[in-house]
Amino acid sequence: RLTYEGLTPGTSWIVLTAPGFASDSFQVRVDVPRLLAEPAGTTTVVDSDIDLRVLSSSDLLLFNTYGFPPRGNDLAVTAVSRNPAIARVLLTEPIRTDDHDAYSRVRGVSPGSTWIVFSASGLASDSVQVTVAGASMLVSEPYARIGRGQFHESMSVQLLGGGNLASTGQTGTVVSSDTSVLAVLTPQFSFDTDGGSRQLRLLGKAIGTA
């Protein structure tokens, strides 16, 4: 068994030799211990909260992977939003002694983009860009088939990215593009506190599309 120690960031070769045997070698890369935030790239917030994952890398992972003693203490991680008016950090867990990752919860506040920066003592920091989408609506059934003279009552609407708009009594309207084909019996609806609407009531009147 070989034991070697990383001294500075970079790449080096370990060469093994013994009398009467052909030599062999392998490459070792030494990285700066760092935090790795996931998901990489841009994360879009369409609901109220998202969880971002943060991992410890390099020699911190070696503690448990290769049987070295675990860290003596939890690793405190700090998460800061560069623009709390767009997205703010609700909580960030420490990376536990016998673990390699933790989660940070972020809440979208208003439409726009900002960076969540993760840092910990002795490790290089990392960041994730978060984009908060504006309020939008999602219909539960983008397509429905209704018989002539029949009712359809399973369709609903979900408010996305609206923050606390639902709790303020936000309402919406439903209009048929062809009232001779489809009648809307619930032309107005309101959102519940979870951002969902009550089921819409439709009536098929004639063969066609609306």
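Just a few scattered comments:
- Residue 192 versus residue 16: modelled label distance in nm, points set 7 Å from Cα along the beta carbon direction: 6.3 nm
- Residue 155 sits among other residues whose Cβ lies under 13 Å from its own Cβ, and their net charge, with Lys and Arg +1 and Asp and Glu -1, is +1.
- Sorting the segments 118-128, 149-159, 174-184 by their mean number of nearby beta carbons within 10 angstrom, highest to lowest, gives 118-128, 149-159, 174-184.
- Rounded accessible area of residue 146 (nearest 10 Å², 1.4 Å probe): 50 Å²
- Put simply, the amide H of residue 181, placed in the peptide plane, has no neighbours under 5 Å, leaving out anything fewer than 5 places away on its chain.
- Per-residue SASA entry for residue 4, accessible area with 1.4 Å probe, Å² rounded to 10: 130 Å²
The values are calculated or read from the model by the stated rules, or taken from the named source; none is laboratory data. Everything numeric here is computed off the predicted structure, so don't read it as measured data. When we count neighbours, we look across all protein chains shown, and the Cβ atoms used for this are built from the backbone with ideal geometry, even at glycine. SASA here: full protein model, heavy atoms, side chains in, ligands and nucleic acids out. Shrake-Rupley method; radii C 1.70, N 1.55, O 1.52, S 1.80 Å.
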